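Asker: First the structure, which I've put down as structure tokens, then a few questions once you've had a look.
The values are calculated or read from the model by the stated rules, or taken from the named source; none is laboratory data. For clarity, every value in this text was computed on a predicted model and none was experimentally measured. We place every Cβ from the backbone using ideal geometry, glycine too, and count neighbours over all the protein chains shown. Note: areas computed on protein heavy atoms with side chains; ligands, DNA, RNA excluded. Shrake-Rupley method; radii C 1.70, N 1.55, O 1.52, S 1.80 Å.
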Amino acid sequence: MPESALSAQSATDAEAPRLTVIGTGYLGATHAICMAVLGFDVLGVDTDVRKVESLNAGEVPFFEPGLPELLNKALESGRLRFTHRLAEAAEFGDVHFVCVGTPQQQGSDAADLRYVDSAVTELAPHLTRRALVVGKSTVPVGTAARLTGLLQRLAPAGSEVELAWNPEFLREGYAVEDTMRPDRLVFGVSSEWAEARLRAVFAPVIDQGT
């Protein structure tokens, strides 16, 4: 690659990444709102059009202390909005957080992964450039390896799209504090580039000493 192209790539990687958050339940909405308040451009995505409309109107669909005020602050800043279109998210984002639910399967101890699988399979065909997809949902061992293969098979950008995992530790009633000032961050990555992307995303948190 020519030196000028390498420099351009380095400059692009050095810029603050634009984030999407797929799934706007308790975990996803909290993450989207807090990341926008920390200074990132964030697009939240949900298949529930009513939920999207409520969030864009400044209404949090569940109770969590401090979150409605932060939502309105983020919306007013212009750094946060919500959509139901994954194609729009793929065009917008550099780092895509998957925050959909993984409920327990009925009559089994196993996790129901259909929502995680669906989020990945529906996002992937729209990924035409280098991007990082980051799982935050609670999943069984082996899920990331399986989803990496699925993601890279379906994405037009192929192996230029990487998968990482960043599990979340949220306590009800303290979700804002746990997101913006966690006691730890865990990154599961397969490349230095993916780690660098996550360090860029969480730079405001890491800079606080996390």
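Asker: Restricting to the stretch 144-173, give me the number of residues that are without any contact (Cβ under 8 Å) to a residue 60 or more places away in the chain and closer than 20 Å to VAL205 by Cα.
Answerer: First, the residues of the stretch 144-173 that are without any contact (Cβ under 8 Å) to a residue 60 or more places away in the chain: 144-165, 167, 169, 171.
Within this subset, residues satisfying the condition of being closer than 20 Å to VAL205 by Cα are 164-165, 167, 169, 171.
Matching residues across the stretch 144-173 total 5.
Asker: Cβ contacts < 9 Å: first residue farther than 15 Å from GLY23 by Cα and free of Cβ contacts under 8 Å to residues at least 60 places away in the same chain, restricted to the stretch 121-143; second residue part of a loop (DSSP other than H, G, I, E, B) and open to solvent by 60 Å² or more (accessible area, probe 1.4 Å), any location; separation 6+ or different chain. Result?
Answerer: ALA124/PRO156; PRO125/PRO156; HIS126/PRO156; LEU127/PRO156; THR128/PRO156; ARG129/PRO156
Asker: Tell me which residues, restricted to the stretch 176-210, are surrounded by 13 or more Cβ atoms within 10 Å (Cβ to Cβ) and among the aliphatic types (A, V, I, L, M).
Answerer: Those that are surrounded by 13 or more Cβ atoms within 10 Å (Cβ to Cβ) and among the aliphatic types (A, V, I, L, M): VAL176, MET180, LEU185, VAL189, ALA194, ALA196, LEU198, ALA200, VAL201, ALA203, VAL205, ILE206.
Asker: Let me ask something else about it. Just the residues that are touching a Phe, Trp or Tyr at 6+ places or on another chain (Cβ under 8 Å) and aliphatic (A, V, I, L, M), please, taken from the stretch 33-52.
Answerer: LEU43, VAL45, VAL52
Asker: What is the number of the single condition among (1) open to solvent by less than 60 Å² (accessible area, probe 1.4 Å); (2) within 16 Å of ASP94 (Cα to Cα) that VAL139 does not meet?
Answerer: Of everything listed in (1) open to solvent by less than 60 Å² (accessible area, probe 1.4 Å); (2) within 16 Å of ASP94 (Cα to Cα), VAL139 misses just condition (2).
Asker: Now a separate question. Looking only at the stretch 71-83, which residues are touching a helix residue (DSSP H, G or I) at 6+ places or on another chain (Cβ under 9 Å) and either under 17 Å from LEU170 (Cα atoms) or surrounded by fewer than 17 Cβ atoms within 10 Å (Cβ to Cβ) (or both)? Let's see the steps before the verdict.
Answerer: To start, the set of residues in the stretch 71-83 that are touching a helix residue (DSSP H, G or I) at 6+ places or on another chain (Cβ under 9 Å) comprises 71, 73-75, 77, 79-83.
Answer for the stretch 71-83, where residues must be touching a helix residue (DSSP H, G or I) at 6+ places or on another chain (Cβ under 9 Å) and either under 17 Å from LEU170 (Cα atoms) or surrounded by fewer than 17 Cβ atoms within 10 Å (Cβ to Cβ) (or both): LYS73, SER77.
Asker: Can you find, within the stretch 53-70, the residue that is most open to solvent (accessible area, probe 1.4 Å) among those that are under 20 Å from ASP178 (Cβ atoms) and outside any helix (DSSP H, G or I)?
Answerer: PHE63
Asker: I've got another one for you. Within the stretch 130-147, is there a residue that is in contact with a Pro (Cβ under 6 Å, 6 or more places away or on another chain) and more than 26 Å from PHE62 (Cα to Cα)? I'd like the intermediate steps shown before the answer.
Answerer: From the stretch 130-147, those in contact with a Pro (Cβ under 6 Å, 6 or more places away or on another chain) are none; that's our starting set.
Checking the stretch 130-147: not a single residue is in contact with a Pro (Cβ under 6 Å, 6 or more places away or on another chain) and more than 26 Å from PHE62 (Cα to Cα).
Asker: Quick check on my filter: what residues within the stretch 41-51 are open to solvent by less than 10 Å² (accessible area, probe 1.4 Å) and more than 17 Å from SER137 (Cβ to Cβ)?
Answerer: Within the stretch 41-51, VAL42, LEU43 qualify.
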